[in-house]
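Remarks on the structure that follows.
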Amino acid sequence: MAKRLGTTITQHILNQQREKPEATGAFTHILYELIVAAKVISKDVNKAGLVDILGSTGEINIQDEAVQKLDVFANRIIVERMQHIGQLCCMGSEEIADLIDIPPQYPKGNYILVFDPLDGSSNIDVNISIGTIFGIYKKVGDETDINFLLHEVLQPGIKQVAAGYFIYGSSTIMVYTTGNGVHGFTLFPSVGEFLLSHEDIRIPEKGKIYSVNESNYPYWDEKTRSLIDYFKTKDKKSGRPYTARYVGSLVADFHRNLLKGGIFMYPADLKDPKKPSGKLRLMVEANPLAMVVEQAGGYASDGHGPILDIQPTDLHQRVPLYIGSRKDVELAEAFISEKRQGN
Ligand code: AFP
């Protein structure tokens, strides 16, 4: 798949935008700055294992700088890099309860950035891939006051103008879409550039992998249990049982299934009455990945309909998520919405 390996991400974004006569360069600017932020985060994630060796697990590191948790650090890097570029009217982060305003010394623009700065951060200590997820929306009205911008931010995922993720793993990869296919770039650390490595990614229509935290089985309802039982039941004709793969880091689980085919699920459960819709967040996790998967030919559902059609009511609302190969997700939807019973 490694065609035109020399193409840099910047060149690729410029090429894509050139095809849009209405493009002003604002959007290119946003993606460019986000990439710079991700390079900084990537560098620090790579050093994470050294923290204990350097003896800086306390408050101060060897350079006498305050040691920050990596997810807090990642959030700060993104906010600081993105707030001054003059293209955003506000931001929404998984780490921050309220909308993030643009400080008065910087101009405001017409775009909204929502992001999860370091998803899967509980995996940092054990060297498992983690990532940054982002979605970009365009503001529709004239409002600029942060106190009245929430309704602009709470747009359904279908309105995203771009979405993607950075995965900090054995290499750092950026996967993004602007509504014209899904493309992957690998960071070449020696030159500090993301180069095209996965052009026009297509997810197989049906996979062989199911990814779910099965220890939640006792907390699922009967429909969810029968769905998972279905994937584990032997049936040669439909290629079952599927194989199970679950890392516990959404970007890592999603990225593998995007390339290989399969379904990732975080269903609703009864584990915590305060989180009846499961653990994952609609705006900063489900929507961006849903745009990516749909652009790659796959599908994302909450078990009843497309994730991208959900009208958000809260920046941090949670949603059950079934995402991956179209046929597998449609099958999951049929189980959960009771259009199908048993196997
Ligand atoms: P952390 O950021 O706390 O590690 O959570 C990661 C995450 O939001 C997502 O990346 C995983 O898919 C999911 O949670 C794993 O949740 P479980 O531990 O409940 O399986």
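The values are calculated or read from the model by the stated rules, or taken from the named source; none is laboratory data. All values reported here derive from a predicted model rather than from experimental measurement. Positions of Cβ are backbone-derived with ideal geometry, glycine not excepted, and every protein chain shown enters the neighbour counts. Heads up: the accessible areas ignore ligands, DNA and RNA and are worked out on the full protein's heavy atoms, side chains in. Shrake-Rupley method; radii C 1.70, N 1.55, O 1.52, S 1.80 Å.
The mean sequence distance of close C-alpha pairs (under 8 Å, at least 6 residues apart), as a share of the length of segment 127-200, puts its relative contact order at 25 percent.
Among DSSP beta bridges whose residues both lie in the chain, state the antiparallel percentage, nearest 5.
80 percent
Placing ARG76, ARG245, ARG225, ARG202 in order of accessible area, with the largest value first and a 1.4 Å probe, yields ARG202, ARG245, ARG76, ARG225.
Ellipticity at 222 nm from helices only: DSSP H runs of n ≥ 4 in the chain, each -39500 (n - 2.57), divided by the residue count, give -8500 deg cm²/dmol. Note on LYS47 and ILE146: their simple-model spin labels are 2.9 nm apart, each label 7 Å out from Cα toward Cβ. Taking amide H as placed 1.01 Å from N in the peptide plane, the amide H of LEU88 sits under 5 Å from that of GLY109, TYR111, each at least 5 places away or on another chain. Taking the alpha carbon gyration tensor of segment 126-214, multiplying each eigenvalue by 5 and rooting it gives semi-axes of 29, 19, 16 Å, largest first.
Between ILE96 and LYS232, the simple spin-label model (points 7 angstrom out along Cα→Cβ) gives 4.3 nm.
Within the same chain, lysines fewer than 8 places from LYS47 are excluded, and of the rest, those with a Cα less than 24 Å from its Cα are LYS39, LYS69. For ILE136, the accessible surface of its heavy atoms amounts to roughly 0 Å² (probe 1.4 Å, protein chains only, rounded to the nearest 10).
Can you give me the % of accessible surface on the chain that is carbon or sulfur? Probe 1.4 Å, all protein chains present, nothing else counted. That fraction is 51 percent. Debye calculation, C-alpha points only, no solvent: report log10 I(q)/I(0) for the chain at q = 0.13, 0.16 Å⁻¹, in the same order as the q values. Log10 of I(q)/I(0), two decimals: -1.01, -1.45.
Can you give the relative contact order of the chain as a percent, counting alpha carbon pairs under 8 Å and 6+ residues apart? Rounded, it is 16 percent for the chain. Per residue, the chain exposes an accessible area of 46 Å² to a 1.4 Å probe, with every protein chain left in place.
Remark: for residue pairs LYS223/LYS275; LYS206/LYS339; LYS208/LYS275; LYS43/LYS327; LYS208/LYS339, the C-alpha separation exceeds 26 Å in LYS208/LYS275; LYS43/LYS327.
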